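Okay, structure first, notes after.
FYI, it's all coordinate maths here, none of it is from the lab. These numbers come from a predicted model, not from an experiment. Using ideal geometry, Cβ is built from the backbone for each residue, glycine included, and neighbour counts are taken over all protein chains shown.
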Amino acid sequence: MNLLRYLGFLFTSTNRHGVHSPFVYKLVTQCIHHGTRFFLQKRKSLLVLKKSVTYFKPQRLYFYEGDPQLALKYGGTTSKLEKGNEPYDLAFVDAATLARPNAMDHLKAYAHNNSVLLIDSIQATREHRAFWEKLKIDPRVTVTVDLFFCGLVFFRKEQAKEHFKIRI
């Protein structure tokens with residue numbers, strides 16, 4: 001992690017008091033900042049995953065080409081989201097995986113209005129950051145929440161397009 005990049009993130013990000021979207025405010029207060037603190041956690045994105053599973057209660061949880069042990073722990077499945085799969089409620093994926101050709105197309109194709117895409121390591125490399133910026137302008141994406149260590153993506157049609165940077 002680049003310390004200067006992280007300090008810049010802290011300077012430009014906000015906490016729950018700077019969020020004016022009721023949907024994102026509820027997400028931040030009742031999910032992200034609820035319960036366990038992030039300060040001493042090594043893999044902050046896994047804590048966000050745990051909190052997201054508790055908060056959203058997904059019926060179909062996918063770990064896109066992910067760790068089978070992690071999928072078992074949270075009751076999800078490891079998948080490539082191929083033809084015949086059902087739409088996912090929550091998908092966990094590493095930004096490096098999304099950089100592969102057609103990976104994002106598959107994830108967008110199997111998303112529904114209430115799907116949540118949790119992307120690990122969005123700030124880890126220049127390529128991951130470029131991918132995150134490209135994802136934010138995608139027309140199907142309405143809300144993104146940059147938590148520095150990971151990002152949340154929503155496809156809610158009723159939501160105005162907004163991008164948030166939230167400190168954890």
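Structure above, values below:
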read-out: Choice from L117, L72, L46 showing the highest fluctuation, given a GNM over the chain with Cα pairs closer than 10 Å; value: L72
read-out: Choice from A130, A111, A95 with maximal GNM fluctuation in the chain (Cα, 10 Å cutoff); value: A130
read-out: Once exposed loop chymotrypsin sites (Phe, Trp or Tyr not before Pro) are cut out (DSSP; at most 16 other Cβ, 10 Å), longest piece of the chain; value: 40-168
read-out: Cα-centred dipole magnitude for the chain, charges only on beta-carbon of K, R (+1) and D, E (-1), debye, nearest 20; value: 460
read-out: Of H106, H34, H128, the one that fluctuates the most in a GNM where the chain has Cα springs shorter than 10 Å; value: H34
read-out: Filter on K42/K165; K108/K157; K51/K136 - keep pairs with C-alpha separation over 18 Å; value: K42/K165; K51/K136
read-out: Two-decimal ratio, the stretch 95-168, of alpha-carbon radius of gyration to 2.2 N^0.38 Å; value: 1.02
read-out: Area projected by the alpha carbon convex hull of the chain, averaged over all directions, nm²; value: 9.4
